[in-house]
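The values are calculated or read from the model by the stated rules, or taken from the named source; none is laboratory data. Remember, predicted model here, so these are calculated numbers, not experimental data. Note that each Cβ is placed from the backbone with ideal geometry, even for glycine, and that neighbours are counted across all protein chains shown. Just so you know, the surface numbers come from the protein's heavy atoms only, side chains and all, with ligands and any DNA or RNA stripped out. Shrake-Rupley method; radii C 1.70, N 1.55, O 1.52, S 1.80 Å.
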Amino acid sequence: TELARILGESGARTTMVLPGSAFQAVNAGHYQINPSRGDFDRLIGALSDDAGPALRFVHLWSLDAEPTNTPGIEQLDRAIEFGISSVVNLIRTVAKAGIAERSVWVVTRGAVSVECSSRDSVDMTQAPIWGLGRTASLEHPDLWGGLIDLPRGATRSVAPALALELIAGGVEDQVA
């Protein structure tokens, strides 16, 4: 919500998409979808009517996972559904729709180690998303925006820095 507010203040038109049981246009600028591929198709169809080729996607669903070094089966299943699977389905759908120009960004939390300390471990539910993102950047360089990893304890306070990174459009496609 904070990221959408900041991007909106910069002139971007934003749409919030939350996971739900089925595709639903909740209200103007707010959708719910099941992370299935079919719902991503319906979402992009609905959004394309309004935005045309200027669509950009910032995948934040993996941020809902609780940080952990030892996830249980339920946490792993949820991480797969709302992390890996939803990212794969988003990329497939965007590629099929022919949307390009660095249109897919994926945000994680604690997926990569940025400090050389024994306390700086990666989150096992987030790290695989970076492997997927690196592969997607090679397979779909035209649509790939990049990966942005936030610190493990990140809160809403990182939204301005995240917005700046998304708006800046630098050459880096992996930022932590």
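Worth a mention:
- Beta bridges per DSSP, both residues in the stretch 21-148: antiparallel share near 30 percent.
- Across the stretch 74-176, the convex hull enclosing all Cα atoms gives 111 Å³ per residue.
- Cα centre as origin, Lys/Arg/Asp/Glu Cβ charges: the stretch 67-176 dipole, Debye: 180 debye
- In order through the stretch 101-110: 3J(HN,Hα) via Karplus (6.51 cos²θ - 1.76 cosθ + 1.60), integer Hz, x for Gly, Pro: 6, 6, 8, 10, 10, 10, 10, 10, 9, x
- Contour minus Cα-Cα distance for residue 161 and residue 176 (0.36 nm per residue): 4.3 nm
- Cα-based Kirkwood hydrodynamic radius, the chain, one decimal, Å: 16.6 Å
- Accessible carbon and sulfur surface of the stretch 24-176 relative to its total accessible area, %, 1.4 Å: 54 percent
- Taking 7 Å steps out from each Cα toward its Cβ at residue 48 and residue 152 produces label points 4.2 nm apart.
- When nucleic acids and ligands are ignored and a 1.4 Å probe is applied, residue 94 ends up with an accessible area of around 0 Å².
- Backbone amide hydrogens, once placed in the peptide plane, bring residue 17 within less than 5 Å of 31, excluding anything fewer than 5 places away on its chain.
- Proximal charge balance of residue 95 [Cβ under 10 Å; K/R count +1, D/E count -1]: 0
- Longest segment of the chain lacking GluC sites (Glu not before Pro) that sit in a DSSP loop with at most 12 other Cβ atoms within 10 Å: 1-100
- Over the stretch 51-113, the Kirkwood radius and the radius of gyration, each from Cα atoms, give a ratio Rg/Rh of 1.05.
- Annotation: per residue accessible area for the stretch 60-125 equals 54 Å², rounded to a whole number [probe 1.4 Å, protein chains only].
- Multiplying the residue separation of residue 64 and residue 92 by 0.36 nm and removing their Cα-Cα distance gives an extension gain of 7.9 nm.
- Solvent accessible area, Å² - residue 138, 1.4 Å probe, full protein context: 140 Å²
- For the pair residue 10 and residue 135, the difference between a 0.36 nm per residue extended length and the Cα-Cα distance amounts to 41.9 nm.
- Distance between modelled label sites at residue 18 and residue 84, nm, 7 Å Cα→Cβ extension: 2.7 nm
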